[in-house]
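Here is the structure we will look at.
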Amino acid sequence: MVALRRHNGESDPSKTGKAARVFDKTVRTADPDLRDRHADCMAAISAERSKAAFAELFDFYAPRIKSYMLRLGASDSEAEELAQDVLVTVWQKAGLYDRKQASVSTWMFRIARNRRIDVQRRQRRPELTADDPMLRPPEIEQPDATLARGQMEGLVRSQLVKLPADQLLLLQAAFYDGLSHSEIARAFNLPLGTVKSRIRLAFLRLRGELEGAT
C-alpha cells in the first residue's frame, strides 16, 4: 500500500474569512513536502486505484486547471468540462506519471494545454492558423537542457522558501492561484499598494539571489 505522507503545511481549520480560505487554497509548489505528497497520491492511484488520493488531487487541481483554461480563452462551461476531462485522464493514466521527470503540477497542466489545443482544432476557430505556436509540436529537449532546467527549478524552489512569509504568500496567490493584485488585496484585506510592493520586492529579491547563484 502506498503511504500518503501528511503535509505539515495544512491549514488551520479554525481560521475564518476570505483571506484564510485563499491561504488554504494557495498552491504550495515551492514546498517539497507538498510536491512529494501529490506524487505519492499519483502512486496510490496507479497502484491501488485510491479514490481518496484522487479526490485530494481533484479538489486541489480542478479549480486551478479551470482557471488556466479560462485564461486561455475557454468559456466557463468549456473550462469546467476540460478540467474534468484532465482529471479523468489523471485517473486513467496515473501509471504513466514519473515523479523523476516532472512535478504533478507540470504533468497535469501539460495535459490541460494539449486538451485545449485539441478542442480548438476541432472547433476550427478562425484565430487558429497553421503558424499558431500552440499547434507546433514541442521540440525534443536535449539531455543537457533537461539537466539545466531541473537544476534551475531546484534553485528557484530553494530561493522561494527563503522569502519572507508575507511576500511568499502573495507571490503564490498571484502566480499559482492566478489572482489579480486587486483580488489579492481584497482577499487578504491589504491596501493595493502594499500588495504590489510586496510582490515587487519578492521579485527583486529572487532575481538578486538567482543572479548571484548562476
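The values are calculated or read from the model by the stated rules, or taken from the named source; none is laboratory data. Keep in mind that what you see is a predicted model, and the values were worked out from it rather than measured. Counting neighbours? That spans all protein chains shown, and the Cβs are built from the backbone with ideal geometry, glycine included.
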### Summary
Those residues of region 163-179 that are touching a helix residue (DSSP H, G or I) at 6+ places or on another chain (Cβ under 8 Å), closer than 24 Å to LEU70 by Cα and not aromatic (Phe, Trp, Tyr) come to a total of 8
### Message
Among the residues of region 104-124, are any assigned to a loop (DSSP other than H, G, I, E, B) and either at pLDDT below 90 or closer than 30 Å to ASP40 by Cβ (or both)?
### Response
yes
### Task
Name every residue in region 31-67 that is buried (at least 19 other Cβ atoms within 10 Å of the Cβ), farther than 15 Å from VAL86 by Cβ and hydroxyl-bearing (Ser, Thr, Tyr), in order of residue number.
SER50
### Message
Among the residues of region 70-77, are any surrounded by 19 or more Cβ atoms within 10 Å (Cβ to Cβ) and in a helix (DSSP H, G or I)?
### Response
no
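Determine which member of the set LEU96, LEU34, LEU72 is at pLDDT 90 or above and on the phi < 0 side of the Ramachandran plot.
Answer to the selection: LEU96.
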